[in-house]
Amino acid sequence: MSEKTSLLVPGALDLTEQAVHLLRRKGISALADYYIGTLPFILGLLYFWSDMSRNADAHWYCAPAAAAMALLFIWMKLWHVRYCRRLWCILNDAPWEDRPLTRYTAAAARQSALQATGMVILPVAAIIVLPMGWVYAFYQNLSVMDAPRTFSAKQLYKDAVRQATLWPGQNHLLLGILSVFGIFVLVNVAVGLIMLPYLLKWILGIETAFTLSGIFALANTTFLMIVCALTYLCIDPLIKAVYTLRCFLGSSRQTGDDLRAALKPFLKTAAAVFLVAGYFLLPAAPAHGAASNAAVPEAGAEAENYARRLDES
């Protein structure tokens, strides 16, 4: 039985479509959390990249700037945790559960300790190719599985590993689908950024550095970094939504949260039907009870008359 037709393993394409619909219908507040955390890091990274590659005095403040980028990275990962948790609450049909400040600091410590290793391990796994699927899923799961009741980095590590090893065929097919989608987004972003200066020149007659340098502008590392950053902002929310949905379905094999969330609308409808029925049926109950109580003395009087007639006879 293939993955698409299996009742136990959701299909990769179906999972991607469900993630898209999840973001379109109920993901506005979650996307706000995502971009609050990600935009400062992306803007800081672009400035850091441009300044370090062009400024002759950049070596004087390279270390403080790198430390600032590390803080922005931790800030981004903390908001990624919040983004994935909002999507989890939507899937579970549960209210948003905010955590106290001490839990946020603990989550920041866990994310900084585990996510920082990805800058070394992910490129190595990509070169080796074979473990890339499991390693990539593991680092995505670190943002998903950091729940309010996660108390240690060891617990988070075990939860992320367990979900990363689940359904490997589906995971690798997901990576293929998302990679092709990412390439299309990258090409569209690059073409749009290339065409925009020429549109300004043709329509408004404005000359820019891109129109003056021509094709050599494509070799500018800052331009390539902007293209990659915009592509990341476009596809990463979808990637995290897919892995949130994947982890939710995987953990539901033990908790049954997916069935509970699916039954909640029917339970609410049944409760509403019972309330309406009770509203119309309960007023009739006292009248029936009063009629029964009135019939009791009449039956008693008839019994006494019958006993009197027997005595007389």
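May I ask you to verify whether residue 43 is closer than 20 Å to residue 31 by Cα, over 15 Å from the mean Cα position of the chain (by Cα) and open to solvent by 50 Å² or more (accessible area, probe 1.4 Å)? The answer is yes for residue 43. Checking each residue in segment 176-207 for being touching a residue at least 40 places away in the same chain (Cβ under 8 Å) and within 13 Å of residue 227 (Cα to Cα) picks out 182, 185, 186, 189.
Within segment 151-158, is even one residue within 30 Å of residue 179 (Cα to Cα) and hydrophobic (A, V, I, L, M, F, W, C)? There is at least one residue in segment 151-158 that is within 30 Å of residue 179 (Cα to Cα) and hydrophobic (A, V, I, L, M, F, W, C). From (1) assigned to a loop (DSSP other than H, G, I, E, B); (2) in contact with a helix residue (DSSP H, G or I) (Cβ under 7 Å, 6 or more places away or on another chain); (3) farther than 19 Å from residue 74 by Cα, pick out the condition that doesn't hold for residue 171. Only one criterion in (1) assigned to a loop (DSSP other than H, G, I, E, B); (2) in contact with a helix residue (DSSP H, G or I) (Cβ under 7 Å, 6 or more places away or on another chain); (3) farther than 19 Å from residue 74 by Cα is unmet by residue 171, namely (1). Considering each residue of segment 183-204 in turn, none proves to be open to solvent by 70 Å² or more (accessible area, probe 1.4 Å), among the aromatic types (Phe, Trp, Tyr) and closer than 20 Å to residue 42 by Cβ. Entry remark, segment 162-196: residues being farther than 21 Å from residue 18 by Cα and either under 20 Å from the mean Cα position of the chain (by Cα) or of a type in the set (S, T, N, Q) (or both) number 3 in total. Quick check on residue 103: is it in contact (Cβ under 8 Å) with a residue 12 or more places away in the chain, open to solvent by 70 Å² or more (accessible area, probe 1.4 Å), over 13 Å from residue 244 (Cβ atoms) and not small (Gly, Ala, Ser)? For residue 103, the condition - in contact (Cβ under 8 Å) with a residue 12 or more places away in the chain, open to solvent by 70 Å² or more (accessible area, probe 1.4 Å), over 13 Å from residue 244 (Cβ atoms) and not small (Gly, Ala, Ser) - is met.
A quick yes/no check of all residues on (1) free of Cβ contacts under 8 Å to residues at least 24 places away in the same chain; (2) surrounded by 17 or more Cβ atoms within 10 Å (Cβ to Cβ); (3) of a type in the set (Val, Ile, Thr):
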position	(1), (2), (3)
36	no, no, yes
57	yes, no, no
60	yes, no, no
64	yes, no, no
82	no, yes, no
98	yes, no, no
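Take the conditions (1) more than 23 Å from residue 225 (Cα to Cα); (2) open to solvent by less than 50 Å² (accessible area, probe 1.4 Å); (3) out of contact with any Asp or Glu (no Cβ under 6 Å at 6 or more places or on another chain); residue 28 misses just one of them, which is (2). Residues in segment 144-171 that are among the acidic types (Asp, Glu) and at positive phi: 0 in all. The residue that is nearest to the chain's Cα centre (by Cα), among those in segment 118-133 that are closer than 18 Å to residue 170 by Cα and in a helix (DSSP H, G or I), is 133. Say we look at segment 23-34 and pick out the residues that are free of Cβ contacts under 8 Å to residues at least 40 places away in the same chain and either among the basic types (Lys, Arg) or in contact with a helix residue (DSSP H, G or I) (Cβ under 7 Å, 6 or more places away or on another chain) (or both); which of these is nearest to residue 240 (Cα to Cα)? It comes out as 24. Taking (1) free of Cβ contacts under 8 Å to residues at least 12 places away in the same chain; (2) more than 27 Å from residue 15 (Cα to Cα); (3) open to solvent by 70 Å² or more (accessible area, probe 1.4 Å) in turn, residue 210 satisfies each apart from (1). Across segment 148-168, the qualifying residues are those that are more than 17 Å from residue 242 (Cα to Cα) and outside any helix (DSSP H, G or I), and the one among them that is most open to solvent (accessible area, probe 1.4 Å) is 149.
The values are calculated or read from the model by the stated rules, or taken from the named source; none is laboratory data. Nothing here was measured: the structure is a model prediction, and the numbers come from that model. Here Cβ is always computed from backbone atoms with ideal geometry, including for glycine, and neighbour counts include all displayed protein chains. The accessibility values were calculated without ligands, DNA or RNA, using every heavy atom of the protein model including side chains. Shrake-Rupley method; radii C 1.70, N 1.55, O 1.52, S 1.80 Å.
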